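Working notes, beginning with the structure itself.
The values are calculated or read from the model by the stated rules, or taken from the named source; none is laboratory data. Model, not experiment: these values are computed from the prediction. Cβ atoms come from the backbone with ideal geometry, glycine included; neighbour counts cover every protein chain shown. Just the protein is used for accessible areas: all its heavy atoms, side chains included, with ligands, DNA and RNA removed. Shrake-Rupley method; radii C 1.70, N 1.55, O 1.52, S 1.80 Å.
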Amino acid sequence: MCNNKIDLRVLPKEEISNIDLNCVDLDAPAPEYEPQRQYYFISKLRSIVKSESEKAGHPLTFFVQTFGCQMNARDSEKLRGVLELAGYASGDSEDADLVVYNTCTVRENANLKVYGRLGYLGSMKKKNPNKKIALCGCMMQEPDVVEKIKKSYHFVDLIFGTHNIFKFAELLVTALESERMVIDLWKDTDQIVEELPAERTYSFKSGVNIMFGCNNFCSYCIVPYVRGRERSRRPEDIISEIKSLVQDGVKEVMLLGQNVNSYGKNLDTPVTFAQLLRQIEQIEGLERIRFMTSHPKDLSDELIEVMKHSDKICRHLHLPLQSGSSRILKQMNRKYTKEQYLELAAKLRREIPDLSLTTDIIVGFPGETEEDFQETLDVVRRVRYDSAFTFIYSRRTGTPAAAMKDQIPEEIVKDRFQRLLTLVQDISQEMSARVQGQTLPVLVESLNEHDPALVTGRLSNNLLVHFPGTEDLIGQTVYVYLKECKGFYYIGELRK
Ligand code: SF4
């Protein structure tokens, strides 16, 4: 029962997450400022969900499908957080009353996958016209995609993008109150609104966005066009978010950004990524710090120093190479040469000997010759990656590389891809075996999928370990003897 109705226009944002949403004064105009404005609409959404659930005779359910990267996974946790707070029940499939696709567009097949699923959703909506469908994420930032959806998938109720994902509650209310498709897409933004509810996938670890967008414009990449210009969160906001996550049981954070090494450049008082890490390290109760993704051109000696002397920063660095040929790297607009990358990798291996180094490599970039490809293999042999994500070049409309001539024939690309994969896997197996016989700390993440007598956890160097253990170990850091390396993971024994 509410004694006083709460006017969110006058409530400080620090108090917003503790209020009873049933007491929000919805007769008052919606606040102008965020995040109060979204909490107003979450409260409004609650009353809609309540009455619609009564009409339906069951609690309305939702299902959020995430495509793509860890930044999208973190955004989806926020979408789920808003829907849970609004009274939706979490569904486990597209049978749900509300289906949200958080899309990716980094490669062509990501788009094709979404169109395929949309067709299926359309047939479900024919049977259940009350079903609601919302689309967001990077793919929606492409004007051609939105035109195609308006024309071929007009049963979609809501389309929004990467820049205004924080407005989800407000946009969903608009879509539920109107009979037409609601589309709200922004070209770019300088707004950052992170103080919204989030439903984390794991209780003991969490992604934390530290910056958004990218200014690098690698010639094959669509991200700068769909995620906008770089903008960093204020360090004090990041620190306070991590502190409240730790209070909530989080032991490990993954700091997220398209290029975390250029963190802080747009802040009123610039702060380097290394300086931010030093501040985060001071947080009591936080055990592990991970981060991705790093761009080699911005990886500073200061960062290497901070990693080297840190007890909390994990012994894993993901450092995309993309190509080993300086000629191709120039075409890709990566802003470093083969020699510079090799020097950086050698310095990292020298300064942090137990570091696990992983990478991304693209095969078949326009104009790539066998000699260029041999340069890539040469870097792989010399850096000896712990593992590598290998990709076949995907032509992305709107990127400079898409207009380049000399697109490589498929059979040549496939042959190179296979040769690269074999080399990467051979070396990765050798590198993974480096810690065999040691007893190391493992953060236990889950029961083993295949054998309930085992639990699965992750080493600081990001390798998985399976060992006999019970469910109560999940979320704890325990010492495990690494008995046998099985190529890309370990079988271990718990050590008290
Ligand atoms: S650094 Fe390059 S590859 Fe990475 S997101 Fe930015 S433009 Fe894309």
- [ ] Indicate the gyration tensor shape class of the stretch 147-231 (rounded, prolate or oblate), computed on the Cα atoms with a ≥ b ≥ c the square roots of the eigenvalues: a/c under 1.5 is rounded; otherwise a/b larger than b/c is prolate and the rest oblate.
- [x] oblate
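Which value in deg cm²/dmol, rounded to the nearest 500, describes the helix-derived mean residue ellipticity at 222 nm for the chain, given -39,500 (n - 2.57) per DSSP H run of n ≥ 4 and division by the residue count? Write down the numbers at each step before the final one.
Details: 13 runs with 169 residues, N = 496.
Computed ellipticity for the chain at 222 nm equals -11000 deg cm²/dmol.
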Open item on the list: Rolling a 1.4 Å sphere over the protein heavy atoms, what is the accessible area per residue of the chain, to the nearest Å²?
Closed with: 45
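May I ask for the Rg/Rh ratio of the chain, computed from Cα atoms with Rh as the Kirkwood radius, given to two decimals?
0.97
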Open item on the list: Can you give me the % of accessible surface on the stretch 413-469 that is carbon or sulfur? Probe 1.4 Å, all protein chains present, nothing else counted.
Closed with: 54
TODO: Beta carbons within 10 angstrom, averaged per residue: use that to sort the peptides 319-327, 149-157, highest first.
DONE: 319-327, 149-157
Open item on the list: Whole-Hz ³J(HN,Hα) for each residue in the stretch 364-378, computed from phi via Karplus 6.51 cos²θ - 1.76 cosθ + 1.60 with θ = phi - 60°, x for glycine and proline: what do you get?
Closed with: x, 4, x, x, 5, 9, 4, 5, 4, 5, 4, 5, 5, 4, 4
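To the nearest 20 debye, what charge dipole does the stretch 1-133 have about its Cα centre, counting +1 at the Cβ of each Lys and Arg and -1 at the Cβ of each Asp and Glu? Could the numbers behind the result be given before it?
Values: 19 positive and 18 negative charges, 124 e Å.
Here the size comes out at about 600 debye.
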Task: Label zone at L26 (point 7 Å along Cα-to-Cβ), backbone N below 15 Å, the stretch 162-176 - done: 169-176
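For the stretch 81-162, which whole-number percentage of the solvent-accessible area (1.4 Å probe, protein heavy atoms only) is attributable to carbon and sulfur atoms? Before the final figure, lay out each step's value.
Working: 1740 of 3380 Å².
With neighbouring chains kept in place, the figure for the stretch 81-162 is 52 percent.
Heavy atoms only, probe 1.4 Å: what % of the accessible area of the stretch 248-397 goes to carbon and sulfur, would you let me know?
Values: 2870 of 5890 Å².
Summing carbon and sulfur atoms, their accessible area is 49 percent of the total for the stretch 248-397.
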TODO: Holding the Cα-Cα limit at 31 Å, pick out from K150/K297; K151/K335; K78/K338; K347/K414; K78/K335; K78/K113 the pairs that are longer than that.
DONE: K150/K297; K151/K335; K78/K338; K347/K414; K78/K335
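Working out 0.36 nm times the residue gap between D354 and K483, then minus their Cα-Cα distance, what length gain in nm do you get to one decimal? It would help to have the intermediate numbers written out before the result.
Numbers: separation 129, 0.36 × 129 = 46.44 nm, distance 1.83 nm.
The D354-K483 span can extend by a further 44.6 nm.
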Open item on the list: Can you tell me the orientation of helix 70-85 relative to the chain, as the angle in degrees between its alpha-carbon axis and the longest Cα principal axis, to the nearest 10?
Closed with: 20
